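Q: Dumping the structure here so I can ask a few things about it.
The values are calculated or read from the model by the stated rules, or taken from the named source; none is laboratory data. Computed from a predicted structure; not experimentally measured. With ideal geometry, Cβ positions are generated from the backbone for all residues, glycine too; neighbour counts draw on all protein chains shown.
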């Protein structure tokens, strides 16, 4: 059986993994669903919650629970803290899985990957240094498809979503390269895998890093939020990748 650490994307907490964690645990896996500092049930915590704090929190979890041979899963914007902790503690990681996400380069930020109008919206929408969840229409226009989610599901996510600390998406990720040798995987949801392979072959800067013998590529056709739209299938593909 495997040990999973599930890290949700922006605005989400551990609750986002409930329907993914349940079948994994039922199958005998050990699952740690994460709420990063300042998010989910930790939204009321005080302090500055930038990328460094998020990486440090994941590292503290691995040490506190003595987690080893971890399958570390990053959804969406969690690619930054997940990439950071894999770089710092590669000896505890068995595989890094990017769920409708992707690895980030040294010196990059999530904010820097956003389109200019997304950056402008983020800058203008901050409340006490945090970015509330934008409209579903805006997110869908910028690559975060809501396919597979009905109105009830969208309302549920919005009810429990918490504003994202600005430093979490503005801070630049610093990497040493220590985790590059680890087995990696992509589970592509918003983009057909054939399109992903074309972008890899074309040397697209965001997708070129997905090539190489230490990468496994999988497809789970749905929107950008597979833990809500296809939770059982998400658990199944994660278990498959953990078994490799």
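Q: Given the options 203, 177, name the one that is more than 21 Å from residue 10 (Cα to Cα), modelled with pLDDT of 95 or more, out of contact with any strand residue (DSSP E or B) (no Cβ under 8 Å at 6 or more places or on another chain) and assigned to a loop (DSSP other than H, G, I, E, B).
A: 177 is the lone residue from the list that is more than 21 Å from residue 10 (Cα to Cα), modelled with pLDDT of 95 or more, out of contact with any strand residue (DSSP E or B) (no Cβ under 8 Å at 6 or more places or on another chain) and assigned to a loop (DSSP other than H, G, I, E, B).
Q: Among the residues of the range 18-39, which ones are more than 13 Å from residue 97 (Cβ to Cβ) and in a helix (DSSP H, G or I)?
A: 18, 19, 21, 22, 23, 25, 26
Q: Would you check if residue 104 is under 16 Å from the mean Cα position of the chain (by Cα) and either touching a residue at least 40 places away in the same chain (Cβ under 8 Å) or surrounded by 20 or more Cβ atoms within 10 Å (Cβ to Cβ) (or both)?
A: yes
Q: To continue, here is another question. Name the residue that is farthest from residue 175 (Cα to Cα), counting only residues in the range 52-76 that are crowded, with 24+ Cβ neighbours inside 10 Å and out of contact with any strand residue (DSSP E or B) (no Cβ under 8 Å at 6 or more places or on another chain).
A: Only one residue fits best here, namely 54.
Q: While we're looking at this one, here's another question. Which numbered condition trips up residue 46, out of (1) more than 21 Å from residue 104 (Cβ to Cβ); (2) touching a residue at least 12 places away in the same chain (Cβ under 8 Å); (3) outside any helix (DSSP H, G or I)?
A: The single condition residue 46 does not satisfy is (2).
Q: Still on this structure: Given the conditions (1) touching a helix residue (DSSP H, G or I) at 6+ places or on another chain (Cβ under 6 Å); (2) under 28 Å from residue 44 (Cβ atoms), which single one is not true for residue 148?
A: (2)
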